[in-house]
Amino acid sequence: MLFYIIESQNKQWLLCEKMNKNLLIDMFYAAPEFWYVLGGVFLIMLIMLCVLSLKVLKARQHNYFLNRDRERYAETLYASKDGYFAFVYPDENVNDPRQSIVEHCSRRLAVIMNMPQGTSASFEDILKNFYKDDAKKILKYVELLREDGVSFEDDFELKNPPKRLRLSGSKINGLDGNTYCDMIWFRDISFEINRIAKLELDKNTALRQVRKYEDLINNIPYPVWLRNESLALEIINKKYMDFVNVNNPAEVLGEGIEINNVTGESISKSLAQEARSANRPQSHLVTVIKNGERLCMEAYETPFHFEQDLNQICTAGALIDRTELDSLKRDLKAHQGTQLEILGALDKAFAVFDSKFILSSYNNAFGILWKLEPEWLESQPTYAMFLDMLHDKKLLPEVTDLSAFKDAEQKAFSSIIEPQNDYLFLPDGRTLRRVRSPNPLGGLVFAYEDVSDNLATTRAYNLLKLVQKESLNNLFDAVVIFSSDGRLNFYNEAYIKLWEVEESFLKHQPGISELIESQRPFFRKAEDWKPLKEDILEHIIDVTTPKIELIRDDGEHIAVLSKTLPDDSIMITYQKL
């Protein structure tokens, strides 16, 4: 049943569709103009819809880029190192929903001023961070800006955190004359201020240092100057200007006025060229006329690399007065000539070797002492040649290494600064006393004296004293000898044993009174030691008394005898009875 119903409905629907189709065809053929107009209207509406859609798409695209540009400009402002506070005005050309001025604090400003309110901070909150007087001044600036459009720029101190800020205000207007906003920029210039202050301090320090250097060179008591790589004068001191009789340094440097010698030539320009070519200091003596006085002076030029540049070699020069020194040298040479004449007449042998080790003068005794020919001496031999000649003649002390000996001898020329004595023991049995003294003009003065006989006499005397000492030490009697100055000069072993005294005390060379005082422990039973000591001392000093007898506490009887020796010494002998 259901199948028949569905089939019946399908047949009805197909019949209706066929009838509608036929109806439309009949309507088209009945009024074709109407359908043409309707199709045209529909086509126009479709075209208008496409155009409108295209415009909407372009508007959306334009609005997108406007928003992107606005975001870029906003982010650019946010990225600026300066903060800003803006008073934004409502737009007069449109129906702006903002009916009053809007205040806006930038993120950077909130960070600079450490504002807890952040970008919501008002201008009053900003002013609270400045000192009272500065806040009033800022407020006055802002009033002039907003009312009269007067721009401003000034620096202010921030209280917390302590910073130095530079505020600059300006009014922002559009091309249509509409006022957009009043902007106040805040720039943290603390680093710049501190940097400028440090640079200013460094500049003042450098200026003070420059003035010190100027004072230094201007107070040097002789002319000094500096030449550039072209040998032109760059710096001079006051003494230089005195020499050229010009008071203006700019005139001296501009005209290149040189200090000239008696022939009218520059004293140092050619010398500076030599110093630059050789790259080492140069000097020479020049004669200068100053105020009618003839002066002997020494000019110096010292090369140096300007600012460590190897291609720029400048020179520093000086002119030092050597007139007095030159006079002293002439006097010294005259005195030295006289001294050499006097020494030449002496029996002692002497010779002078100069700073270059060359024999410059000698006397006849020197040639005789070393058996040297006059012709050889006049050939001006060196000290090394002299030592070689002595070695060939077997007159040089025996040494294991001749070369090392010669080196040590020549080093003495630079190490000896005061007279030195030594002895030379020659192979022929002679002993020479040698004195080496520094020569004022350089080198050494040698003096030789044959002391062979004196040494033999001294050895014999010392041997005699040694024999006498051994003889006295072998006596049973205690013996002490006091020299003429009253100090103990000798004692023997018998005295140490007799009086049980410390040898260190005797080596200290006590006087007669001290020696008797050391004997007191043996006279404890004496009622009064002082009179006894004085009595003993009196009998010892009075050598005419034959002898005195002492009785010690231990029962020993000791005879004391004193005698004056040929050299005014006093010998005291103690004998046990």
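The set of residues in the stretch 517-563 that are among the aliphatic types (A, V, I, L, M) and closer than 23 Å to Lys497 by Cα comprises Ala526, Leu532, Ile536, Leu537, Ile540, Ile548, Leu550, Ile551, Ile558, Ala559, Val560, Leu561. Scanning the stretch 277-291 turns up one or more residues that are modelled with pLDDT of 85 or more and part of a helix (DSSP H, G or I).
For the residues Phe123, Phe130, the requirement of being within 15 Å of Arg187 (Cα to Cα) and touching a strand residue (DSSP E or B) at 6+ places or on another chain (Cβ under 7 Å) singles out Phe130.
In this structure, Thr179 does satisfy being in contact (Cβ under 8 Å) with a residue 60 or more places away in the chain and among the polar types (S, T, N, Q).
Among the residues making up the stretch 411-434, a single one is under 20 Å from Ile358 (Cβ atoms) and buried (at least 16 other Cβ atoms within 10 Å of the Cβ): Phe413. Hey, among the residues in the stretch 229-276 that are assigned to a strand (DSSP E or B) and not aliphatic (A, V, I, L, M), which one's least open to solvent (accessible area, probe 1.4 Å)? Per the criteria, the residue is Ser266. In the stretch 111-130, the residues that are of a type in the set (Gly, Ala, Ser) form Cβ pairs under 7 Å with partners that are part of a loop (DSSP other than H, G, I, E, B) and surrounded by 12 or more Cβ atoms within 10 Å (Cβ to Cβ), at six or more places apart or across chains, as follows: Ala121/Met115. Reported count of residues in the stretch 161-188, each being at pLDDT 90 or above and of a type outside the set (D, E, K, R), is 9. For the stretch 178-192, taking the residues that are open to solvent by 60 Å² or more (accessible area, probe 1.4 Å) and of a type outside the set (D, E, K, R), the one that is farthest from Ile101 (Cα to Cα) is identified as Phe191. Sort out which residues of the stretch 115-137 are open to solvent by 30 Å² or more (accessible area, probe 1.4 Å) and among the small types (Gly, Ala, Ser), and write them in order of number. Of everything in the stretch 115-137, those that are open to solvent by 30 Å² or more (accessible area, probe 1.4 Å) and among the small types (Gly, Ala, Ser) turn out to be Ser120, Ser122. Residue pairs whose Cβ atoms lie under 9 Å apart, separated by 6 or more positions or on different chains, with the first residue in the stretch 409-430 and without any contact (Cβ under 8 Å) to a residue 60 or more places away in the chain and the second open to solvent by 100 Å² or more (accessible area, probe 1.4 Å) and of a type in the set (Lys, Arg), are Leu426/Lys394; Pro427/Lys394; Asp428/Lys394.
Within the stretch 193-228, the set of residues being open to solvent by 80 Å² or more (accessible area, probe 1.4 Å) and not in a helix (DSSP H, G or I) comprises Asn219, Pro221. It is to be established whether one or more residues within the stretch 297-311 are of a type in the set (S, T, N, Q) and farther than 25 Å from Asn219 by Cβ. Within the stretch 297-311, one or more residues are of a type in the set (S, T, N, Q) and farther than 25 Å from Asn219 by Cβ. Taking the condition open to solvent by less than 70 Å² (accessible area, probe 1.4 Å), modelled with pLDDT of 70 or more and out of contact with any Leu (no Cβ under 7 Å at 6 or more places or on another chain), does Thr323 pass? No, not satisfied.
The values are calculated or read from the model by the stated rules, or taken from the named source; none is laboratory data. Since the model is a prediction, treat every value here as computed from it, not as a measurement. All Cβ positions, even for glycine, are placed from backbone atoms using ideal geometry, and neighbour counts span all protein chains on display. SASA here: full protein model, heavy atoms, side chains in, ligands and nucleic acids out. Shrake-Rupley method; radii C 1.70, N 1.55, O 1.52, S 1.80 Å.
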